[in-house]
Amino acid sequence: MKRFKVQILSLLITNFHLTNFFGGNLYKGSLKNICSPGLNCYSCPAAIFSCPLGAIQTISGSSRFAFSFYVTGFLLLIGLLFGRAVCGFLCPFGLIQEIFFKIKSPKFNLWHPLIYVKYFVLIIFVITFPLISKFGSPAFCEFICPAGTLEAAIPLLITHNEFFNALGELFVLKIFILAVTLIGCIFIYRFFCKLICPLGAIYGLMNKFSLYHLHIDKKLCIDCGACKKICRMNINPTNDFNSAECIRCGDCKKICPRNAISN
């Protein structure tokens, strides 16, 4: 419950201008020069911060080197401080996925090799395509990002009927990806985080080095398997308690009968 409250607070802070949903307006103030730590679309009517993925794609291949250093430095700083705890506590789209997972249905685990797809997405769509594009085209935002479709495209279409004239095959693709993502989240915990999210991939690479991480006291651990059983990210904490997949949710810490796991 404590983590859920932090997630709700982060969602509200990141999307402070909720009334913009009714008018279809976008906040364009000075706070948009600051990146949100989690995945939240720049074009969401309520958003007051930029999305770090969108920012780093837009400036790649452009001449805005100062901003590029800022975004890269921001991701490194947040990653080294918190790792994927950002995903577990501060990411608005992570919260949306967890809400969909609460829908009653059979639950499944993602086939493990598929967790590496997000690194492919990071390399190709976030890094390579923007670099080879003359204007730093945000390929991930343009062709994939379901968060942008849900938080920005759909709300803006509802309030701006004139946008319907510009819809095409790309929008159909984006709606399809969003539908698959949300349906996937019903059956698989944090389906998008596990499979696609390049921001989670970035933070995951720094999980082993982040200031905020988990410790396991091997002297107290009795290898009962309770932490592995409860982990919805499909990790065995006793073997790799700082896995790149760990979102620091704390479920393993709560379930441990010997209090062997700590922050």
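Could you pull out the residue among Met233, Met206 that is without any contact (Cβ under 8 Å) to a residue 60 or more places away in the chain and crowded, with 17+ Cβ neighbours inside 10 Å?
Result: Met233 is the single residue among Met233, Met206 that is without any contact (Cβ under 8 Å) to a residue 60 or more places away in the chain and crowded, with 17+ Cβ neighbours inside 10 Å.
Name the pairs: first residue in the stretch 142-168 and more than 17 Å from Gln57 (Cα to Cα), second residue open to solvent by less than 20 Å² (accessible area, probe 1.4 Å) and not aliphatic (A, V, I, L, M), Cβ to Cβ under 6 Å, at least 6 apart or on different chains?
Between residues of the stretch 142-168 that are more than 17 Å from Gln57 (Cα to Cα) and residues that are open to solvent by less than 20 Å² (accessible area, probe 1.4 Å) and not aliphatic (A, V, I, L, M), the close pairs are Glu151/Cys44; Ala152/Cys44; Pro155/Pro45; Leu156/Gly24; Thr159/Gly24; His160/Gly24.
Determine which single condition Leu53 fails, assuming it passes every other condition in (1) open to solvent by 50 Å² or more (accessible area, probe 1.4 Å); (2) touching a helix residue (DSSP H, G or I) at 6+ places or on another chain (Cβ under 9 Å); (3) not hydroxyl-bearing (Ser, Thr, Tyr).
(1)
Could you check Asp217 against (1) surrounded by fewer than 20 Cβ atoms within 10 Å (Cβ to Cβ); (2) among the charged types (D, E, K, R); (3) under 16 Å from the mean Cα position of the chain (by Cα) and say which number it fails?
(3)
Does Leu157 satisfy the condition of being farther than 26 Å from Met233 by Cα and modelled with pLDDT of 85 or more?
yes
Only one of Val172, Val180 is more than 27 Å from Arg84 (Cβ to Cβ), open to solvent by 50 Å² or more (accessible area, probe 1.4 Å), assigned to a helix (DSSP H, G or I) and not acidic (Asp, Glu). Can you tell me which?
Answer to the check: Val172.
Within the stretch 120-149, how many residues are outside any helix (DSSP H, G or I), among the hydroxyl-bearing types (Ser, Thr, Tyr) and within 15 Å of the chain's Cα centre (by Cα)?
Matching residues across the stretch 120-149 total 0.
Just wondering, is there one or more residues in the stretch 85-95 that are over 18 Å from the mean Cα position of the chain (by Cα), open to solvent by 30 Å² or more (accessible area, probe 1.4 Å) and in contact (Cβ under 8 Å) with a residue 24 or more places away in the chain? Lay out the reasoning, then the answer.
Within the stretch 85-95, the subset over 18 Å from the mean Cα position of the chain (by Cα) is none.
Looking through the stretch 85-95, none of the residues is over 18 Å from the mean Cα position of the chain (by Cα), open to solvent by 30 Å² or more (accessible area, probe 1.4 Å) and in contact (Cβ under 8 Å) with a residue 24 or more places away in the chain.
Hey, among Lys118, Lys107, Lys102, which residue is open to solvent by less than 50 Å² (accessible area, probe 1.4 Å) and not β-branched (Val, Ile, Thr)?
Lys118 is the lone residue from the list that is open to solvent by less than 50 Å² (accessible area, probe 1.4 Å) and not β-branched (Val, Ile, Thr).
Which residues, taken from the stretch 27-47, are under 19 Å from Pro146 (Cα atoms) and open to solvent by 10 Å² or more (accessible area, probe 1.4 Å)?
Residues of the stretch 27-47 under 19 Å from Pro146 (Cα atoms): 35-47.
Hits for the stretch 27-47 are Pro37, Cys41, Tyr42, Ser43.
Looking at (1) open to solvent by less than 50 Å² (accessible area, probe 1.4 Å); (2) within 23 Å of Leu75 (Cβ to Cβ), which is the one condition that is false for Leu156?
Condition not satisfied by Leu156: (2).
The values are calculated or read from the model by the stated rules, or taken from the named source; none is laboratory data. Note that the structure is a prediction, hence the values are computed from the model and not measured. Don't worry about glycine lacking a Cβ; one is built from the backbone with ideal geometry, like all the others, and counts go over all protein chains shown. Each accessible area value is taken on the protein alone, full model and side chains, heavy atoms only, with ligands, DNA and RNA left out. Shrake-Rupley method; radii C 1.70, N 1.55, O 1.52, S 1.80 Å.
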